[in-house]
Structures are given as structure tokens and as C-alpha cells.
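To start, the structure itself, in C-alpha cells.
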Amino acid sequence: MTQQDVSVPSNYARTLLQTVEESGGDRQALMAELGIAESDLEPNKPFSALRYGRLYQRVMQVMQDECFGMFSGGKVRLGSFRLLCLTVIQTTNLRQAIVRAGEFSEICRGFLVRSRLSEPAPGVARIEMCGIAEISDAEFDRMVREAKPIQVRTSLAVWQRFNSWLIGREIPLTGLYFAFPCPEEFREMAECYPTQLHFDQPFTGFEFDASLLDAPVVQNQDTLMDFVRSAPYHLVISDASQQSLKAKVRAILSKDVSGSQPSAEAVASRLNLSVTSLRRKLQAEDTSYQRLKDECRMEAAFHYLSCPELTNNCIAERLGFDETSAFFRAFKKWTGITPGDYRKGLEKAS
């Protein structure tokens, strides 16, 4: 893997797989299915963000929990996230969306933890974790103490990135607060951002500029499909890590995986590059425009094949193939197996 590849600490994948094992899942089967070796999980070793996203998505399917590895308090049924998205994109601005997301958690089966919006000072917006109505403060405090710190951090990161997606712009945080002491795995992050990370606080959550609460929600049902398809990749992977040209091109291509994906010329223009420079820079990152294009369609194929209601003909059409047979050939070229064999594997794993 080159230095330009987007990566996350191997601890992310190791902790996720450990949680799977503790919950009764088959860690070894997951690793074998996704081609992950024990050596890939060695401490301080970078782990491909793309592989981590695939691992997370597969874990949620196998464990039948869309909030697996996060601090939700319960097991959240598959499909809940899509319903949440459909609910909040109907709101006018970020303030309404945050309030409605909290209300959704109160009534959706599986959630014991919800978000709560407040404005503790002029110009300051705060989103903090709390229990749903039937959970007492004492019970919630116990849940936080017993939760793995990385699960709490992941949940807060997901909330921040989800809200950023809703308004189509990054929400810079002015402070990140935890109700527990700084754990060893947070030590490096705390040293890098001493004025932003706060531990042993009376609440767990984050703060940002309150003026963003009036930002309009810009997403709709058309943009929702691609967002849900890529989840949880863009929610659990830090945007700050996606600085390589490879990641920027992937971000553009993943917005539309059909036959109408932009040409290399169009992508180069959006990135203020010539096509020659684009191809040269991608080659330096050990990839190419065509390879990235295939990867985006392959990821979409993985998602669509996990949806039982979608036929192979329908999937081929969504991916922009003129014929189903062309989709079959492409999928076998990408993975070495047919779409039917892939689906059989999903059924056995479930």
C-alpha cells in the first residue's frame, strides 16, 4: 500500500473484529471472506479505509445490527438508517433535522441512546448523548462507563459527518467532550488537539458554531440512495484522511455509479487539472481512472447484491450495463466469482 492510499489505524479494524467475536460472531470467517490476514491487524499498521468500510458494512449485515460497533445501547434493525434519512431530509434546516433525529431514536426499536440539541451559550450549539425517555440518568451514566471508548468516539463522529452531509458542508467542531478519563487509545489524538478534546466532563458530545443550525438541508431522495449505498464508509472514515487525489476522484465517481459516470476529462476539469496531469498523478498513487471507476461500480454491486429485492437485471441496469450478461462478466472479472455465487455466500454467512 502506498503512502498516498487512504487508510485508518489497524486498531479500528482489530477492535471491530474483537467486538464481533465477543458478540458471538465468527471473526475468522469474516476475515477469510474479506481477505484480511492477522498481519494486516498488527499495531500501528495502516489499514485500507476502503477495506475497513467493506468490513464494517459486512459486519452490520452478518450481525443484523446497523449500529454495531457504535454506542447505541441496543441492536438496531437493518433498514433503520434509511428510514432515519428519509425522515430528516424532509426538514428545512439543520436545527430541525437534529431534533427530528433525536425523536426518531425515541421510537425506533433498538436505540437506547439519542442525541439532544442545546445552545448553552450565545453562538454555541451543543449535541450531547443521552438516554431515551425510558432510560434514567443513572442508567445512562452506567452505560457510558461500560461502553468501549472507541464506540463512543465512532458514534460522535458518525453524528457529525451525517449532519455535515445533510447541509452539504463540513461542520467544524469547536470542542469534543467525553464523560470519562482519557483512554490510552485516545492519548495521541488528545496530544494533537489539546484545546479541542476534553475528558472527565459532565456530558459526552460536541459543540460547533450555532449559526450552522440555520443552514438548509440540501439532500433529497435522489441523493439519499447513493449515500445509503456507501454507508457506513463516509460516516466512519474521517474526511480529513481523504486528501489524496485518488480519494477525491473516488468521491466524484461514487456519486453516480451508472453508465453516466463523468469522463476522465470532466473529472480533471472539476479538480482543476489537465487530463494528462490527472492520469500521471493517479499513476503515482498506483492506480488509474479506469481502476477507480471499476472499484466504485464494484462497491455498488456488493451493496445491491445484498438487497434481496433487487434482481440481477435491475442491478445491471442501475450500474449502467446495457445487458445483464455484461454485468456478470464484469463482476467475475472483479471478484473471480459470479453474482449468484456472491449472493449464495451472503446467505450462508447470514
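Taken together, the criteria exclude Glu128 from residues that are assigned by TED's automatic domain parsing to the domain that holds Glu207 and surrounded by fewer than 18 Cβ atoms within 10 Å (Cβ to Cβ).
Glu139: part of a loop (DSSP other than H, G, I, E, B) and among the charged types (D, E, K, R), yes or no? Against the criterion (part of a loop (DSSP other than H, G, I, E, B) and among the charged types (D, E, K, R)), Glu139 does not qualify. I'm trying to understand the selection: among the residues of the stretch 17-26, which are farther than 17 Å from Phe47 by Cα and part of a helix (DSSP H, G or I)? Result: Thr19, Val20, Glu21, Glu22. Taking each residue of the stretch 204-230 that is among the small types (Gly, Ala, Ser) and looking for partners that are modelled with pLDDT of 80 or more and exposed (fewer than 15 other Cβ atoms within 10 Å of the Cβ) with beta-carbon atoms closer than 9 Å, six or more apart or interchain, yields Ala210/Glu119; Ala210/Ala121; Ala210/Pro122; Ala210/Gly123; Ala210/Val124; Ser211/Gly123; Ala215/Gly168; Ala215/Arg169.
For (1) buried (at least 19 other Cβ atoms within 10 Å of the Cβ); (2) farther than 23 Å from Phe208 by Cα; (3) more than 17 Å from the chain's Cα centre (by Cα); (4) touching a residue at least 12 places away in the same chain (Cβ under 8 Å), each residue gets a yes or a no:
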{"site": "Pro43", "(1), (2), (3), (4)": "no, yes, yes, yes"}
{"site": "Gln57", "(1), (2), (3), (4)": "yes, yes, no, yes"}
{"site": "Gly74", "(1), (2), (3), (4)": "no, yes, yes, yes"}
{"site": "Leu94", "(1), (2), (3), (4)": "yes, no, yes, yes"}
{"site": "Ile98", "(1), (2), (3), (4)": "yes, no, yes, yes"}
{"site": "Glu106", "(1), (2), (3), (4)": "no, yes, yes, yes"}
{"site": "Ser118", "(1), (2), (3), (4)": "no, no, yes, no"}
{"site": "Glu134", "(1), (2), (3), (4)": "no, yes, yes, no"}
{"site": "Ala138", "(1), (2), (3), (4)": "no, yes, yes, no"}
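Can you confirm whether Ala49 is of a type outside the set (S, T, N, Q), surrounded by 16 or more Cβ atoms within 10 Å (Cβ to Cβ), touching a residue at least 60 places away in the same chain (Cβ under 8 Å) and within 29 Å of Tyr304 (Cβ to Cβ)? Before you say what the answer is, go through the steps one by one.
Numbers: of a type outside the set (S, T, N, Q): yes; surrounded by 16 or more Cβ atoms within 10 Å (Cβ to Cβ): yes; touching a residue at least 60 places away in the same chain (Cβ under 8 Å): yes; within 29 Å of Tyr304 (Cβ to Cβ): yes.
Answer is yes for this residue.
The values are calculated or read from the model by the stated rules, or taken from the named source; none is laboratory data. It should be emphasised that the depicted structure is a prediction, and the values quoted were computed from it without experimental measurement. Glycine gets a Cβ as well: all are built from the backbone with ideal geometry, and neighbour counts include every protein chain shown.
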